[in-house]
1. On a 1.4 Å probe surface of the protein chains, which of Leu47, Leu80 comes out largest in accessible area, and what is the full order?
2. Normalise the Cα radius of gyration of region 64-112 by 2.2 N^0.38 Å (N = residues in it) and let me know the number.
3. Taking the radius of gyration and the Kirkwood hydrodynamic radius from Cα positions alone, what is the Rg/Rh ratio for region 32-121, to two decimal places?
4. Counting only residues 5 or more places away or on other chains, whose amide H sits under 5 Å from the amide H of Gly114 once H atoms are built in the peptide plane?
5. Among the aspartates and glutamates, which fall within straight-line cross-link reach of Lys75, defined as a Cα-Cα distance under 17 Å, with same-chain neighbours fewer than 8 residues apart omitted?
6. Please name whichever of Ala49, Pro107, Leu18 sits farthest to the positive end of the charge dipole of the chain, dipole taken about the Cα centre and charges placed at Cβ: Lys and Arg +1, Asp and Glu -1.
7. For the chain, with every protein chain kept in place, what is the accessible area per residue (1.4 Å probe, Å²)?
8. What list of ³J(HN,Hα) couplings, whole Hz, do you get for region 113-121 from phi and the Karplus terms 6.51, -1.76, 1.60, once you set θ to phi - 60° and write x for glycine and proline?
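The values are calculated or read from the model by the stated rules, or taken from the named source; none is laboratory data. Worth saying up front: this structure is predicted, and the values here are computed from it rather than measured. Here Cβ is always computed from backbone atoms with ideal geometry, including for glycine, and neighbour counts include all displayed protein chains. We work out accessible area using only protein heavy atoms, side chains counted, and drop any ligands, DNA or RNA first. Shrake-Rupley method; radii C 1.70, N 1.55, O 1.52, S 1.80 Å.
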Amino acid sequence: QVQVVESGGGLVQPGGSLRLSCAASGSIFSIYDMGWYRQAPGKQRELVAAITSGGSTNYVDSVKGRFTISRDDAKNTVYLQMDSLKPEDTAIYYCNVVVTTRGGIFPRPYWGQGTQVTVSS
């Protein structure tokens, strides 16, 4: 019913930048919170950044001042601008959107398939 597709990952040198995009499509009535999570090898998945439907944002401490989350509701898309990247940012980045579908009653989360971000010289 709802498809979530990330793009924009890749290999970048330390200090470089990447911009991730995540587009939601399908039987969408309304989108609430949108967020980015990441999971590094051997570690638990963690919330990196989130944005509410009202535009309020929050970030994990390790990315504050370096990453910026934004959304375009006309395109059902959320972005993650990542600057001053560090090797410890290397992970698979997953998009999460909370959606009420057409004909649905309660909002529920949907996940993308993930996109690899590798920061290495």
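1. Heavy-atom accessible area, descending, gives Leu47, Leu80.
2. Here the answer is 1.47, to two decimals.
3. Rounded to two decimals, Rg over Rh is 0.99.
4. Amide H neighbours of Gly114: Glu6, Cys95.
5. In chain and number order, the partners are Glu6, Asp33.
6. The residue sitting farthest along the positive end of the dipole is Pro107.
7. 53 Å²
8. These are the phi-based 3J(HN,Hα) values: 7, x, 9, 7, 10, 10, 10, 7, 8 Hz.
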